[in-house]
Amino acid sequence: TVGYFLIVIGLTIVRNREMRRIARLARGATEVDKDVEMPLGARLLPQVEDALWRSARMGRECVVAAVSISNLYALSEDVGASTDGEILGVLAARIRRVVGFRNVVGLYHPRCFVLVVSAVQDRKRSELLPTRLLLSLRKPVKVGHSDDPHSFVPGIGIGVVTVNGATDSALLAINQAEQAIALQNQFDV
């Protein structure tokens, strides 16, 4: 019993420490590591397939979303190319705060995050996901040197696809989410 409680306390401490770190990163309050700690490109696909499989096995829906940053390179000329990594790090932390630790978050290509919320239990939560992401991601990001910070307001586009069952492949679900962004941008005035 004592061992069980020590393990639970240890895991709680680690979880709280990670939550505080992500909260600081999401605010842009700390120096962001240039290497974004998440699956990139082709390494993202197996994790998306696993999430789709888990949802199908549990008989629940899975939400696949693509988040596009249209103006990612806007500050590169003024501040420098290193700002792209800072911006991606802050936005990744904000996305992680919205979707949680158990869900997949990755960078599909330099301007597009992909996130997968597997085994959705509450339909209302999946419907509120785009709204919560927009509220979190549209906040300005402070980048550059601490003596001369620049404010970056990301241009965000979100495409969401709900997948029922594991018959859909990860690549197909990601492409459908990206196409939803393109349709959204086409009809926005």
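At 1.4 Å probe size, with the rest of the protein present, what percent of the exposed accessible area of the chain is carbon and sulfur atoms?
Answer for the chain: carbon and sulfur cover 54 percent of the accessible area.
Based solely on its DSSP helices, what 222 nm [θ] is calculated for the chain when runs of n ≥ 4 H residues each add -39,500 (n - 2.57) and the sum is averaged over all residues, nearest 500 deg cm²/dmol?
Helix contribution divided over all residues of the chain: -16500 deg cm²/dmol.
Post the alpha-carbon centroid distance, region 54-132 to region 1-24, in whole angstrom.
For region 54-132 versus region 1-24, the Cα centre distance is 25 Å.
List the trypsin sites (Lys or Arg not before Pro) in region 75-129 that DSSP assigns to loop (not H, G, I, E or B) and whose Cβ has at most 13 other Cβ atoms within 10 Å. Which are they?
Arg102
Describe numerically, in nm with one decimal, the distance between label points set 7 Å from Cα along Cα→Cβ at Asp122 and at Asp78.
In this crude label model, Asp122 to Asp78 measures out at 3.9 nm.
Compute the FRET efficiency between Arg21 and Arg43 as 1/(1 + (r/R0)^6), taking r as their Cβ-Cβ distance and R0 = 30 Å, and round to the nearest 0.05.
Taking R0 as 30 Å, the efficiency between Arg21 and Arg43 is 0.85.
For the chain, calculate the relative contact order in percent as a whole number, restricting contacts to Cα pairs under 8 Å that are 6 or more residues apart.
Relative contact order for the chain comes out at 30 percent.
Given charges of +1 on the Cβ of Lys and Arg and -1 on the Cβ of Asp and Glu, with all other atoms neutral, how large is the dipole of the chain about its Cα centre, in debye to the nearest 20?
With Lys and Arg at +1 and Asp and Glu at -1, about 940 debye.
What is the chain by shape, rounded, prolate or oblate, if you read a ≥ b ≥ c off the alpha carbon gyration tensor as root eigenvalues and call it rounded for a/c under 1.5, prolate for a/b larger than b/c, and oblate otherwise?
In terms of gyration-tensor shape, oblate.
With labels modelled as points extended 7 Å from the Cα through the Cβ direction, what inter-label distance (nm, one decimal) is found for Ile7 paired with Arg102?
With each label placed 7 Å out from Cα toward Cβ, I get 1.8 nm.
Multiply the residue gap between Thr162 and Arg138 by 0.36 nm, knock off their C-alpha separation, and tell me the result in nm, one decimal place.
6.3 nm
For the chain, modelled as a Gaussian network with Cα springs under 10 Å, which listed residue fluctuates most, Ala92, Ala66, Ala23?
Largest GNM mean-square fluctuation: Ala23.
The values are calculated or read from the model by the stated rules, or taken from the named source; none is laboratory data. Owing to the predicted nature of the structure, the values given are computational and were not obtained by experimental measurement. Glycine gets a Cβ as well: all are built from the backbone with ideal geometry, and neighbour counts include every protein chain shown. What goes into the accessible areas is simple: the full protein's heavy atoms, side chains included, and nothing from ligands, DNA or RNA. Shrake-Rupley method; radii C 1.70, N 1.55, O 1.52, S 1.80 Å.
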